[in-house]
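Right, one structure below, let's go through it.
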Amino acid sequence: MDDILPYPWGDDRRYYSYTHYLRKHFGGRLLKIPVDAGFTCPNRDGTVGTGGCTYCLNEAFNPSYCTPVKSITEQLEEGKAFYRRRNRKIAGYLAYFQAFSNTHAPVEQLQALYEEALRVPDIQGIVVATRPDCLGEEVLDYLQALSERTSLCVELGIESCRDETLRHIHRGHDFQCTQEAFEQLHTRGIECGGHLIFGLPGENPDIWLEDIRLINDLPLQMLKFHQLQIIRGTEMEREYQAHPDNFYPLPFDTYIDFITTYIERLRPDIAIERLAGAVPTHYPATEGWHGIRYDAVVNAVGQRLQERNTRQGNVR
């Protein structure tokens, strides 16, 4: 491998980090502030199903200040105060509509919420987390218009490329729906990212490495990786207790080896936003990684890439 720095994305990290992506686009460090706008999900309200995906407990991923009882402005201001106490050099913030499906509402409601966020000082753009089946034509028209006047990224939950897995976890749509959603966003010039879960029942590293060709074919700019965390009170916890052999175990060292191999095969222009997931310690139903911090994941992946003298996109 040609080891001359910088790498294709323009810095000396061996993968294209989301932090560097933001610095390139905004000229400084930006932080995402999660907000809960009170949306629900078509897989909960009966539109496509009830009960939600088997792994999902949304509270496990929401910061404590995120609650729809507070306005978007109040949540963003509290988030800004939280980050200011911990970070001195911040160029601005992105409003991250995170909880549930944030395009599952009439356009008039979306417009009111998104525009409120953009009026908050130091908010330089919006990130909208949603499902592939929540992007009707009217919503896409509005998102396209919004993207033409501010920074906008639509983040879609991919979770798996396998239809049998999506059915098993009661996702409510197939992978073709995911592919079509990314194409629709791309055609309209809207930046988009995806979210993958490694460890869903019935899957293993051989499947994930085979399916990376499908991920590389998606017209996306960013990607998040999460190891499966089995959350207390979910249907997946009950499945795990009854059929643990359905699950491929991912202890820390195993995951670091796998994700390093995955990164080697990932298209080099895709920015990696997260290498692994984390929830408060009282939520997981299994021991997991015993409180390992996220920076330990980042350091371990960087070290493993260096040991192999490889980088993102090096293996095709």
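Would region 150-306 count as rounded, prolate or oblate if I go by the C-alpha gyration tensor, calling it rounded below 1.5 in a/c and otherwise prolate when a/b exceeds b/c, oblate otherwise? Oblate. Straight-distance candidates among the lysines for linking to K224, with alpha-carbon spacing under 18 Å and chain neighbours fewer than 8 residues away dropped: K32.
Note: relative contact order over region 14-82, using C-alpha pairs below 8 Å and six or more positions apart, is 31 percent. Taking all Cα pairs closer than 8 Å and separated by 6 or more residues, the relative contact order of the chain comes to 19 percent.
When only Cα pairs below 8 angstrom with a gap of at least 6 residues are kept, region 1-148 shows a relative contact order of 25 percent. In this structure the chain gives 46 Å² per residue of accessible area when probed at 1.4 Å with all protein chains present.
Under the shape rule built on the C-alpha gyration tensor, where the axes satisfy a ≥ b ≥ c, region 97-181 is prolate, since a/c reaches at least 1.5 and a/b is greater than b/c. Full extension of the chain between R293 and T281 gives 3.2 nm of extra length, using 0.36 nm per residue less the Cα-Cα distance.
Take the Cα of K24, step 7 Å along the line toward its Cβ, and report every residue of region 159-200 whose backbone nitrogen sits under 14 Å from that point. The answer is 192. Scanning residues 5 or more positions from E159 or on other chains, those with amide H under 5 Å from its amide H are H195, L196, I197, with H placed 1.01 Å from N in the peptide plane.
Rounded to the nearest whole Hz, the Karplus-based 3J(HN,Hα) values (6.51 cos²θ - 1.76 cosθ + 1.60, θ = phi - 60°) of region 223-231 follow the sequence 8, 10, 10, 10, 6, 4, 10, 7, 9, with x at glycine and proline. Listed values for region 304-316 are Karplus-derived 3J(HN,Hα) couplings in whole Hz (6.51 cos²θ - 1.76 cosθ + 1.60, θ = phi - 60°), namely 5, 4, 5, 4, 7, 6, 9, 7, 4, x, 6, 10, 10, and x replaces Gly and Pro. By DSSP, the beta bridges lying fully in the chain are antiparallel in about 5 percent of cases.
The values are calculated or read from the model by the stated rules, or taken from the named source; none is laboratory data. No experiment lies behind these values; they were computed from the predicted model shown. Positions of Cβ are backbone-derived with ideal geometry, glycine not excepted, and every protein chain shown enters the neighbour counts. Calculation scope for accessible area: heavy atoms of the full protein, side chains included, ligands and nucleic acids excluded. Shrake-Rupley method; radii C 1.70, N 1.55, O 1.52, S 1.80 Å.
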